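Down below is the structure, laid out as structure tokens.
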Amino acid sequence: MSHKNNIHVLSRAVILDQDHILLCKTRDLPMSFYFLPGGHIEHGESAEVAVLRELLEESGTQCRIKRFLGCLEHSFEPGHSSICHNHEYNFFFEAESDFLKVQIPLARMEDHIELIWFPLHEIDSIDFRPEPLKNLLPEWLNRSSSLAFRSFMR
């Protein structure tokens, strides 16, 4: 399937603790970047179920959804973030867990990513994807935006 016709639908978690955000860092690509935990929504699966499943797979921890934050439609140059697609719909949920805390060591459940706690106020200093989320995330967390859906189509 060509890049133009390959749309991916993902569900992502925003987990905060002590002014830090839980991020995934790529480990298997030539250029490393950061993104929120979560992943693809499987056929017949809701976005909520998908993000909880993905969190369990990536962290080994059961989580709870606190609230829906928003949906981001995003396109990018093929090969920039992915070799398999260049158009995404990302559903974002604030989530929590009693065992995902800054002071508790993080398990490595998957070889291709590393979970890390990163200072939320320093997120602009890293290659965090999708890029538009850098500005949207504070809006959604502070509820200063009435728009839960945003499109950043090229």
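Numbers below:
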item: Residue match in segment 132-151 (condition: surrounded by 12 or more Cβ atoms within 10 Å (Cβ to Cβ), in contact with a Phe, Trp or Tyr (Cβ under 8 Å, 6 or more places away or on another chain), assigned to a loop (DSSP other than H, G, I, E, B) and at pLDDT 95 or above); result: no
item: Failed condition for LEU100, given (1) part of a helix (DSSP H, G or I); (2) modelled with pLDDT of 95 or more; result: (1)
item: Residue within segment 51-63 that is buried (at least 16 other Cβ atoms within 10 Å of the Cβ) and in contact with a helix residue (DSSP H, G or I) (Cβ under 8 Å, 6 or more places away or on another chain) present; result: yes
item: Among (1) surrounded by 15 or more Cβ atoms within 10 Å (Cβ to Cβ); (2) modelled with pLDDT under 95; (3) not aliphatic (A, V, I, L, M), the one test that PHE118 misses; result: (2)
item: Inter-residue pairs, beta-carbon under 6 Å, first under 19 Å from PRO30 (Cα atoms) and in segment 121-143, second in a helix (DSSP H, G or I) and charged (D, E, K, R), 6+ apart; result: PHE128/LYS134
item: Qualifying residue in segment 9-25 (condition: at pLDDT 90 or above and farther than 27 Å from GLU122 by Cα); result: yes
item: Segment 19-45 - residue that is assigned to a loop (DSSP other than H, G, I, E, B) and under 15 Å from LYS101 (Cα atoms) and, of those, nearest to the chain's Cα centre (by Cα); result: PRO37
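Residue by residue, here is whether (1) at pLDDT 95 or above; (2) of a type in the set (S, T, N, Q) holds:
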| position | (1), (2) |
| --- | --- |
| ARG64 | yes, no |
| CYS71 | no, no |
| SER75 | no, yes |
| HIS85 | no, no |
| PHE91 | yes, no |
| ALA95 | yes, no |
| ALA107 | no, no |
| ASP111 | no, no |
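The values are calculated or read from the model by the stated rules, or taken from the named source; none is laboratory data. Just so it is clear, the structure is predicted and the values come from calculations on it, not from any experiment. Don't worry about glycine lacking a Cβ; one is built from the backbone with ideal geometry, like all the others, and counts go over all protein chains shown.
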